[in-house]
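What follows draws every value from the coordinates through simple rules; no lab data is involved. Worth saying up front: this structure is predicted, and the values here are computed from it rather than measured. As a convention, Cβ positions derive from the backbone with ideal geometry for all residues, glycine included, and neighbour counts pool all protein chains shown.
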Amino acid sequence: MSKTDVLFSNCVLVDNQLFVIDTQSGLPAIMNPISGKLTYCEVFQNFIWKDGDVIDFMKEYEGDIYALEMTGDNLVIFDLQKQQCIYISLNCNYHEWGNFVAFERIGSDFYIFPKYGNKIYTFNAKDRKIVVIEGPLGEKEEIQCACRDKNQERLLSQDGSKLYIYNLLENKWKIYNFNRGIRDCINCISRGESIYFINILGILYKWNIDEEGIQEITTLERLFSETETVSRIVSAGNSLIILPSVGRDIKIMNLLTSEMEIYHDYPVDFVYYDIEWSKYYGNCEDEEYYYFAMRRGNYFLKIRKADGKFFWIKPRIPDEKKRNDFLIQYQMKSYSYNKEKILYEDTGYLASWLKYMLVDNSISNNCTGIGKKIYGEWG
């Protein structure tokens with residue numbers, strides 16, 4: 001994998017384009033979901049540049065992007081018109097990652113569901129105020145996974161014996177008790193009157209609303225020799241599509257016949273990069289398609305909802321020079337916004353500063369005045 005390859009853990013649609021944060025470079029970018037053309041965004045004022053996996057869930061409202069940091073520290077608002085960022089503290093930093101199970105929106109109201117802490121955070125985009133709502137869970141209990149159906153958010157308890165249903169409009173809870181517990185669930189979806197749960201070992205469960213019993217539909221590693229963990233399930237046409245985490249194969253279950261097949265129709269040059277991340281994590285959707293973030297592969301996956309057809313889109317990435325120019329600008333501006341006064345050699349920023357300053361005509365050919373120029377830029 002080249003350092004100039006693009007990977008991203010989540011995505012959101014805005015004006016029929018995908019807004020992403022490249023985990024390789026830390027750069028915000030816009031990608032065309034049909035052609036794959038990727039364009040880096042101009043520098044956002046107040047944006048705190050970091051590389052790596054920094055953004056979890058994202059939503060769009062009136063042309064702005066609302067993003068939850070992977071660390072749980074902040075809600076970040078990307079104002080695409082004013083080209084600026086606003087950071088709103090959440091203090092949901094229970095762990096380095098995996099601090100949220102859901103992020104929903106109705107109108108100008110956002111609903112943030114932390115995995116831990118027995119709380120819901122509501123945020124209004126108009127007044128930009130956060131309200132904390134206490135949940136019905138025990139103080140130390142966590143949520144395994146969550147899914148939405150219309151105006152309801154459904155959250156599976158830690159021991160898998162209860163389903164908490166929160167009405168987003170009415171601010172009311174309803175609790176269902178199951179006849180058994182289900183453990184280690186990684187994802188769930190609503191389909192009609194049913195909810196499907198899948199755990200990290202590939203055990204698929206089904207629960208019909210208003211019934212106590214949970215059915216175990218299948219266990220993937222009993223059907224195939226591969227031992228794997230899974231990441232996501234989606235409903236498309238008459239099928240459930242099961243996407244891998246560290247496992248190898250995408251699997252498709254026909255809901256009419258209960259038959260399971262392994263997907264094989266990848267592009268000829270398709271690869272998963274050898275990094276220790278789940279292959280499929282973040283996604284977004286419109287009325288026609290699901291869009292899955294490029295977290296470990298060299299292609300972007302789009303799945304048509306009507307029939308489950310796969311579309312693999314290869315990104316068209318700007319050349320290395322253009323990418324590096326944006327990267328240096330973002331690094332420099334980030335330091336300026338945060339009023340940093342020390343550059344550490346092992347961060348790589350010092351080399352970027354020197355390269356950035358040396359192209360400035362105000363610095364003499366004998367390279368004197370670099371330190372003064374850098375100090376002046378910091379202000």
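At a glance:
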{"item": "Global size of region 41-136 as Cα Rg and Dmax, reported in angstrom", "result": "13.0, 44"}
{"item": "Zero-based 10 Å bins, Cα pair distances in region 12-313, whole percents", "result": "6, 27, 36, 25, 7, 0"}
{"item": "Residues V132, V6, V14, sorted so that the one with the fewest Cβ neighbours within 10 Å comes first", "result": "V132, V14, V6"}
{"item": "Euclidean distance of C-alpha centroids, region 173-211 and region 45-75, integer Å", "result": "29"}
{"item": "Region 104-232 - convex hull of the alpha-carbon atoms, volume per residue in Å³", "result": "112"}
{"item": "Amide H contacts of V12 (H built 1.01 Å from N, under 5 Å, at least 5 apart or other chain)", "result": "F19"}
{"item": "Stokes-Einstein D in µm²/s, Kirkwood radius over Cα pairs - region 239-313 at 4 °C with 1.567 mPa s viscosity", "result": "99"}
{"item": "Two-site FRET efficiency, K322 against I130, from Cβ-Cβ distance with R₀ of 41 Å, rounded to 0.05", "result": "0.60"}
{"item": "Ascending count of other beta-carbon atoms within 10 Å, so fewest first, for V43, V246", "result": "V246, V43"}
{"item": "Along each principal axis, Cα extent of region 176-326, largest first, Å", "result": "59, 34, 29"}
{"item": "Nearest-20 debye value, region 12-313 charge dipole, Cβ charges on Lys, Arg, Asp, Glu", "result": "260"}
{"item": "Ranked T257, T219, criterion: other C-beta atoms within 10 Å, fewest first", "result": "T257, T219"}
{"item": "Label-point gap, in nm, between I30 and K305 - each point 7 angstrom along Cα→Cβ", "result": "2.4"}
{"item": "5 angstrom amide H check on F44, placed H, neighbours 5+ away", "result": "none"}
{"item": "Subset of K206/K279; K115/K251; K302/K333 violating a 31 Å alpha-carbon distance limit", "result": "K302/K333"}
